[in-house]
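S.K.: My questions all concern the structure below.
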Amino acid sequence: MTFLAPAAAALAVTLPVIVALYFLRIRRPTRVVPALHLWPDQIRDRQANVPWQRPRFSWLLLLQLLAAAVLVAAALQPALPATASLAPHSIVLLDASASMQAKDVHPSRFDEARREIGAMIDELGPQDRMTLITIQTPPRIIASGSGDHDAMHRALGRLTVSNGSADLSAALTLAAGVTRAGEQSRAYLFTDGIVEPLHASFANGLPFPIEYRRVGVSGENVGLMSLVVRTSAQSRAAYLRVHNFGQQARSLTLEWRSDAGLIDLRALSLQAGQAQDLVLPVPDAAATVTARIDAKDNFALDDSVTAIARTPRAFRVLLVTAGNRFLEQALRLRTDFQVDVLAPTDYKGSTAYAMTVFDRFSPPALPDSPFVIVDPPSGSPLAGGKAVGIGRVRASDAGDPLLTNVTLQDVRVARSQDMSASRFGRALITSVQTPLVLVRDEPFRQVLVGFDVHDSDFPLRIGFPILVQNLSEWMLPPSVPGHSFHPDEPVTIVPESGATSVTVVRPDGSRRQLATGAIATFADTDLLGVYTVEQTAGGNTDRSWFSVNLFSDAASQLAPVDRLALPPAKAFPSPQTTHHGFLGIWPWIALLALVLVVAEWLAFHRGL
């Protein structure tokens, strides 16, 4: 047996102190009484406290000494030798994403992983180190290269699980950065396997092998996967998708309400693996609508979703074209656009419009505002060189936010103006021969397309309306986007003209102040629910809303992954070194001390 805190032996001085106090004389006031035979208990107690008399047996004294001795023993932190099979540097990767809140293991997957990591901390030897990293978005280093058991346990106990996704690639990159050259390291991955796909390049391998420790046992779950409010000239309706990801049929109740109160209750029955789409009414005066199910399953994050029902502020948009149904329909998909269409011969200016789209037409003077110009005529200021044949197209930067959800793999363009010499801006979509779509931020956000969309199959692809939507939201972002966001996703907020203060009220009631002079990015979206944006201008306060929902098929499927594809180690992993560690037994000794204290209290009250 080894004592991890031998200095605590000094506390043993409390034992003789207890004995000394037991024999000290108690000072009592003198009283004159008519007879002593009426006070036998007081006489015996007085005799028992005469100092330095021969000690008499006392259960209270014995229990007090035993309790003090056991507490001193616990303070010494005795530990038994134990054989551990950990690397000298253990890198622990703990998944802290939304799916780890599942309760298919008690009390949750996250807590079960923490329990297992706590046992690993206890196995650390005197020369061992441990690094603890949480896998979330973004990942965080909680402790780096520490061998202090108490500090590691405290850091582990403070951890909380998030509502976002698990960025495993970024976590592995962090882990590789804390590994020293030449040291023996091993990573231990505690996760249910529901992580983002590996997007970083680990072709050269990692400087350590990874051991996958799966957490979780069940994938039984019913979730609300999407909620969208659509407004037409005739009515407003919400479209809700409910999905049973489990292998058993489920019956449940759907509660549908607005910010004004309950709207409807519906009984639902879903077979194993079945998804059901529902159309639900939305009151005209509703600002928000919420769907909630009483699934009583292992995962609560997808049992309630919220959507914004209030129509956002409208933008007037002008499309100048001799006829382009593709562009017109793509623009009208944005619900806050009021699109007017004019023939080139009728164009007189666009000062009354927030954005103008010129299709195969260029005015004598371009507007001082956001605009899109498609296939400018030859001889116009923005026209390119002679037309060239194209073929396949590609993104200039696949990670550009303007190309989010836009697939260009099968898109072909027959011909385009040669925009190689254009100084309009940076290329967004390009080809081997020439840039095809260019964008710029100054003096306004503007777009130049070098080809006629009719000379391409792009308008027949789903990526075309998505690209138009992305570009229009970049050029004319709504003051507060009314759609749903994912946890930890940043939200762009454009202060209204004349706003003197902009405040975001989070679902928990906490408030965040934003700057009013420029477009702001709000990133504190870790909580699910409705966020209220309050803008004060001219003494009036205007409120708008956006929502944050889970809406993640990967997280809601919930079933733990049996085998996880992980990057290899740079070299063949050497076997883990078996060394002697210690197993602390002081918590059990402290528990024994507590039992003795309780026994002493009972003995005192029973007069022993």
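The values are calculated or read from the model by the stated rules, or taken from the named source; none is laboratory data. The shown structure was predicted, so the numbers you read here are calculated from the model rather than taken from an experiment. Cβ coordinates were reconstructed from backbone atoms using ideal geometry, including for glycine residues, and neighbour counts include every protein chain displayed. Quick note on the areas: whole protein, heavy atoms, side chains included, nothing else; ligands and nucleic acids left out. Shrake-Rupley method; radii C 1.70, N 1.55, O 1.52, S 1.80 Å.
S.K.: Spin-label point model (7 Å from Cα, Cβ direction): what's the ALA69 to ALA35 distance in nm?
M.R.: My value for the distance between the label points is 4.6 nm.
S.K.: Take every DSSP beta bridge with both residues inside region 315-475 and express the antiparallel ones as a percent of the total, to the nearest 5.
M.R.: Antiparallel bridges: around 50 percent, rounded to the nearest 5.
S.K.: How much length, in nm to one decimal, is gained on full extension between GLU442 and SER226, taken as 0.36 nm per residue of separation minus their Cα-Cα distance?
M.R.: Extra length available between GLU442 and SER226 comes to 74.1 nm.
S.K.: Points 7 angstrom from Cα along the Cβ direction at ALA237 and LYS296: gap in nanometres?
M.R.: With each label point 7 Å from Cα toward Cβ, the separation is 3.2 nm.
S.K.: Compare the peptides 535-546, 66-77 by average per-residue count of other Cβ atoms within 10 angstrom and give them in order, highest first.
M.R.: Descending mean neighbour count gives 66-77, 535-546.
S.K.: Given the rule -39500 (n - 2.57) for each run of at least 4 DSSP H residues, summed and divided by the residues of the chain, what is its mean residue ellipticity at 222 nm, to the nearest 500 deg cm²/dmol?
M.R.: -6000 deg cm²/dmol
S.K.: Treating only the Cα positions of region 228-308 as identical point scatterers, give the base-10 log of I(q)/I(0) from the Debye formula at each q in 0.15, 0.22, 0.23 Å⁻¹.
M.R.: Results for region 228-308 at q = 0.15, 0.22, 0.23 Å⁻¹ read -0.55, -1.04, -1.11.
S.K.: When you take every Cα atom in the chain, what is the radius of gyration, and what is Dmax, the widest Cα pair distance, in Å?
M.R.: Radius of gyration, then largest Cα-Cα span, for the chain: 35.5, 130 Å.
S.K.: Now for a different question. Starting from the Cα of THR160, move 7 Å in the Cα-to-Cβ direction to define the label point; list residues of region 111-127 whose amide nitrogen is under 16 Å from there.
M.R.: 111
S.K.: In addition: If you roll a 1.4 angstrom probe over the protein chains with everything in place, what fraction of the accessible area of the chain belongs to carbon and sulfur, to the nearest %?
M.R.: Looking at the chain in its full context, I get 56 percent from C and S.
S.K.: Could you work out how far helix 168-177 tilts from the main Cα principal axis of the chain, as a 0 to 90 degree angle to the nearest 10?
M.R.: In the chain, helix 168-177 runs at an angle near 60 degrees to the longest axis.
S.K.: Could I ask something else about it? So, R0 is 45 Å and r is the distance between the beta-carbons of THR14 and ARG115; what FRET efficiency does that work out to, to 0.05?
M.R.: So the FRET efficiency works out to roughly 0.85.
S.K.: Using Cα-Cα distances under 8 Å and only pairs 6 or more residues apart, what relative contact order does the chain have, in percent?
M.R.: Reported as a whole number, the value is 16 percent.
S.K.: How would you order 318-327, 259-268, 107-116 from highest to lowest mean count of nearby Cβ atoms within 10 Å?
M.R.: 107-116, 318-327, 259-268
S.K.: Using unit Cβ charges (K, R positive; D, E negative) and no other charged atoms, how large, in debye to the nearest 20, is the dipole of the chain about its Cα centre?
M.R.: 1840 debye
S.K.: State, as an integer percentage, the relative contact order of region 115-224 based on alpha-carbon contacts under 8 Å between residues 6 or more apart.
M.R.: Averaging sequence separation for qualifying contacts and normalising by length gives 21 percent for region 115-224.
S.K.: Find how much the distance from GLN513 to ARG392 grows on full extension, using 0.36 nm per residue of separation minus their present alpha carbon separation; answer in nm with one decimal.
M.R.: 38.9 nm
S.K.: Find how much the distance from ALA590 to THR311 grows on full extension, using 0.36 nm per residue of separation minus their present alpha carbon separation; answer in nm with one decimal.
M.R.: That works out to 94.2 nm of additional length.
S.K.: Distance in nm between label sites at GLU255 and SER201, each 7 Å beyond Cα in the beta-carbon direction?
M.R.: 5.2 nm
S.K.: Determine the per residue accessible area of the chain with all protein chains present and a 1.4 angstrom probe, expressed in square angstrom.
M.R.: Dividing the accessible area of the chain by its residue count gives 52 Å².
S.K.: What does the highest-first list of 175-188, 385-398 look like by mean Cβ count within 10 Å?
M.R.: Top of the packing list down: 175-188, 385-398.
S.K.: List the relative contact order of region 59-171 as a percent without decimals, with contacts defined as Cα pairs under 8 Å and 6+ residues apart.
M.R.: Normalised by residue count, the contact order of region 59-171 is 28 percent.
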